[in-house]
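In what follows, a structure is listed as structure tokens, so that the remarks can point back to it.
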Amino acid sequence: QVADYSAEDADYTFRLVGRLEAQLKKEHLYKLFTEIEMPLVPVLARLEEAGVKIDSKFLQRMSSKVGKDIVALESKIHRLAKTKFNINSPIQLKEILFGKLKISTAGLVKTKTGFSTAADELEKLADAHPIIKLIMEHRELAKLKNTYLDALPELVNKATGRVHTSYNQTVASTGRLSSNDPNLQNIPIRTELGREIRKA
């Protein structure tokens with residue numbers, strides 16, 4: 001099975017060369033392909049193999065602090081709502097915002113399940129009630145905690161002590177590199193917390 005799969009990989013790649021090489025030349029991209037893109041492949045392979053050293057202890061300390069901040073925000077949100085509810089539940093959030101607190105839904109996108117509480121929709125309501133900014137901050141902290149603070153230390157390879165991401169040359173429409181599993185190039189830089197995560 002492996003032999004068939006590997007041979008097929010090589011065969012199809014070889015079949016594509018004729019077609020794609022001609023297309024690259026026609027589009028005047030052959031020089032870019034041969035002199036920039038292809039020489040970059042082994043460089044990226046070495047980067048992937050070397051991995052990225054991260055300070056797991058620093059991230060774990062941050063995670064603990066952010067966890068406390070999230071709990072404090074939940075208390076403030078529940079106080080403003082005058083009831084406890086699951087902030088991560090869109091259904092419960094809609095009930096609180098548009099039912100209990102009677103926040104205007106003017107200009108909001110309506111979905112099958114009612115008015116949207118997606119980030120860009122909440123942004124429209126930022127000045128409608130103090131609870132909105134707290135919910136947005138809660139979401140931001142929870143996302144950073146789950147995506148980076150808690151996840152990155154778990155992705156450290158035990159043999160190398162590093163995180164090994166995959167770099168992509170042809171994914172971002174801007175022509176820049178991108179990375180995935182994990183995405184190390186999407187860590188926010190505008191917020192103080194994002195900058196702290198980058199330090200790690």
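The values are calculated or read from the model by the stated rules, or taken from the named source; none is laboratory data. Everything numeric here is computed off the predicted structure, so don't read it as measured data. Methodologically, a virtual Cβ is constructed for each residue, glycine included, from the backbone with ideal geometry; neighbour enumeration extends over all protein chains shown. Accessible surface is based on the protein model in full, side chains and every heavy atom, while ligands, DNA and RNA are left aside. Shrake-Rupley method; radii C 1.70, N 1.55, O 1.52, S 1.80 Å.
Closer than 17 Å to GLY51 by Cα, in a helix (DSSP H, G or I) and in contact with a strand residue (DSSP E or B) (Cβ under 7 Å, 6 or more places away or on another chain): is that true of LEU184 in this structure? Here the answer is no, as LEU184 does not meet what is asked. Name the pairs whose Cβ atoms lie under 8 Å apart, with the first residue in region 72-88 and assigned to a helix (DSSP H, G or I), the second surrounded by fewer than 15 Cβ atoms within 10 Å (Cβ to Cβ), and 6 or more positions between them or separate chains? These pairs meet every condition: HIS78/LYS84; LEU80/PRO130; ALA81/LYS100.
Within region 16-26, the residues that satisfy the criterion of being open to solvent by 80 Å² or more (accessible area, probe 1.4 Å) and at pLDDT 95 or above are LEU16, LEU20, GLN23, LYS25, LYS26.
Consider region 148-171 and keep the residues that are of a type in the set (A, V, I, L, M), modelled with pLDDT of 95 or more and assigned to a loop (DSSP other than H, G, I, E, B). The one that is farthest from the chain's Cα centre (by Cα) is ALA159. Any residue in region 111-121 that is of a type in the set (A, V, I, L, M), modelled with pLDDT of 90 or more and either at positive phi or in contact with a helix residue (DSSP H, G or I) (Cβ under 8 Å, 6 or more places away or on another chain) (or both)? Scanning region 111-121 turns up no residue that is of a type in the set (A, V, I, L, M), modelled with pLDDT of 90 or more and either at positive phi or in contact with a helix residue (DSSP H, G or I) (Cβ under 8 Å, 6 or more places away or on another chain) (or both).
Considering the conditions (1) among the hydroxyl-bearing types (Ser, Thr, Tyr); (2) surrounded by 12 or more Cβ atoms within 10 Å (Cβ to Cβ); (3) within 30 Å of THR34 (Cβ to Cβ), SER116 is excluded by exactly one of them, (3).
Within region 172-198, being open to solvent by 100 Å² or more (accessible area, probe 1.4 Å), of a type outside the set (Lys, Arg) and at pLDDT 90 or above holds for one residue alone: ASP181.
Can you tell which of LYS68, LYS76 is under 23 Å from the mean Cα position of the chain (by Cα), basic (Lys, Arg) and open to solvent by 60 Å² or more (accessible area, probe 1.4 Å)?
Criteria check complete, one pass: LYS68.
Only one entry of SER56, SER104 meets the criterion of being open to solvent by less than 90 Å² (accessible area, probe 1.4 Å) and within 22 Å of GLU192 (Cβ to Cβ), and that entry is SER56. Of all the residues in region 149-180, those that are under 14 Å from GLY51 (Cα atoms) and in contact (Cβ under 8 Å) with a residue 24 or more places away in the chain number 13.
Would you say SER63 is of a type outside the set (A, V, I, L, M, F, W, C), surrounded by 17 or more Cβ atoms within 10 Å (Cβ to Cβ) and either modelled with pLDDT under 95 or within 27 Å of ASN186 (Cα to Cα) (or both)? So SER63 fits the description; yes. Tell me, please, whether a residue that is at pLDDT below 95, open to solvent by 80 Å² or more (accessible area, probe 1.4 Å) and on the phi > 0 side of the Ramachandran plot can be found in region 27-44. Checking region 27-44: not a single residue is at pLDDT below 95, open to solvent by 80 Å² or more (accessible area, probe 1.4 Å) and on the phi > 0 side of the Ramachandran plot.
Taking the conditions (1) within 25 Å of the chain's Cα centre (by Cα); (2) under 18 Å from ALA142 (Cα atoms) in turn, THR111 satisfies each one other than (2). Residues of region 23-60 that are outside any helix (DSSP H, G or I) and either over 21 Å from SER166 (Cβ atoms) or touching a helix residue (DSSP H, G or I) at 6+ places or on another chain (Cβ under 6 Å) (or both): GLU27, HIS28, LEU29, ILE54, ASP55.
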